[in-house]
Amino acid sequence: MNALETISAVAQKTGDIGAAFYFTPETVGRGKEFGLGGFYFYIIGRGGVLGDAEPAVVHSAFGYFNPGMIEKLWNGGREKIAPRDAAREYIACAHAHGRAHFADIDGLEEYVAAVQKIFDAIDDSSFALFAGLKAEPVPSDAPAAAFHQAMVLRELRGSAHLTAIAAVGLPSVMAHAIKRPNDVATFGWAEGEVGEPTADDIAKRDRAEAMTNEILEPAFAVLTDDEAAALIAGTNAMHAALNSAG
């Protein structure tokens, strides 16, 4: 299996895994302990690895969202908790989610090592959110470590994709509207504010998807066949465990 095939095999499932803890009752409940609603904790928790930055900086790393929504949630969140503290609390929720669902999965140590090899090989220039999260410590226990690595791997693809979207000249909100047309309002955009994507927009988005894979290909190419197999097996097992949990 070549690098592009490996990327294709794990991309969507990694996205699902890495986001699985975002709005669980446990994560939302932890945010409420700091006086934060679910979306406030999501924004400052996920973005807190950037430090006490201005909202525009956070938006540049997130993309997709209405900048006004980011400003409201980020500023509201940091009135309650320092961004770096929020990030560590949010990451701890991720680790707890892994421990709750992955304790019976074999082969997670090999998965963690394979992902780390990708991280060691990637040039993270321009990947601010990924670089910030990658700098956080990986837990010592395999279930939490595997979830951690999947979460960071999700941010790697997300950061690479934002770079690719910019490279093809497509606004991130339009890329979002093409992929998730029913979620535009959830990201802070009023009805009719974004507009309908054109054929040219869709072509650019398809090119950005291909370019994302091209950006990631050299780092995935460092994996041996056995390491690629461990990456895929771990991804499949974690995804299945989360799906079975409902």
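Coordinate-derived values only; no laboratory data. None of the values given here were measured: they were computed from a predicted structure. Note: ideal-geometry Cβ built from the backbone for every residue, glycine included; neighbour counts use all protein chains shown.
Tabulated data
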{"item": "Estimated FRET transfer efficiency when R0 is 30 angstrom, pair residue 116-residue 34 (beta carbons, to 0.05)", "result": "0.45"}
{"item": "Spin-label pair residue 57/residue 183, simplified geometry with 7 Å Cα→Cβ offset, distance in nm", "result": "2.6"}
{"item": "Projected label distance in nm at residue 226 and residue 72, using a 7 Å step from Cα toward the beta-carbon", "result": "5.4"}
{"item": "The chain: DSSP helices with Cα axial extent of at least 15 Å and average Kyte-Doolittle hydropathy no lower than 0.5", "result": "142-168"}
{"item": "The chain - mean residue ellipticity at 222 nm from DSSP helices (-39,500 (n - 2.57) per run, n ≥ 4, rounded to 500)", "result": "-22500 deg cm²/dmol"}
{"item": "Relative frequency of Cα-Cα separations exceeding 20 Å in the range 110-246, percent", "result": "56"}
{"item": "Extended-chain gain in nm, criterion 0.36 nm per residue less alpha-carbon gap, residue 210 and residue 85", "result": "41.4 nm"}
{"item": "Contour excess over end-to-end distance, with Cα ends at residue 236 and residue 92 and 0.36 nm allotted per residue", "result": "49.6 nm"}
{"item": "Where labels lie 7 Å past Cα in the beta-carbon direction, separation of residue 196 and residue 243 in nm", "result": "3.4"}
{"item": "At R0 = 30 Å, FRET efficiency that the Cβ-Cβ distance of residue 141 and residue 19 yields, to 0.05", "result": "0.90"}
{"item": "Computed magnitude of the charge dipole of the chain (debye, nearest 20; Cβ of K, R +1, Cβ of D, E -1)", "result": "640"}
{"item": "In the range 172-246, GluC sites (Glu not before Pro) in a DSSP loop with at most 15 other beta-carbon atoms within 10 Å", "result": "191, 193"}
{"item": "Selected from 137, 55, 67 as most flexible by GNM, with the chain as the system and alpha-carbon contacts under 10 Å", "result": "137"}
{"item": "Scattering profile of the range 1-66 at q = 0.12, 0.14, 0.18 Å⁻¹ [log10 I(q)/I(0), Debye over alpha-carbon scatterers]", "result": "-0.44, -0.57, -0.81"}
{"item": "Calculated over the range 3-244: convex hull of Cα atoms, volume per residue (Å³)", "result": "118"}
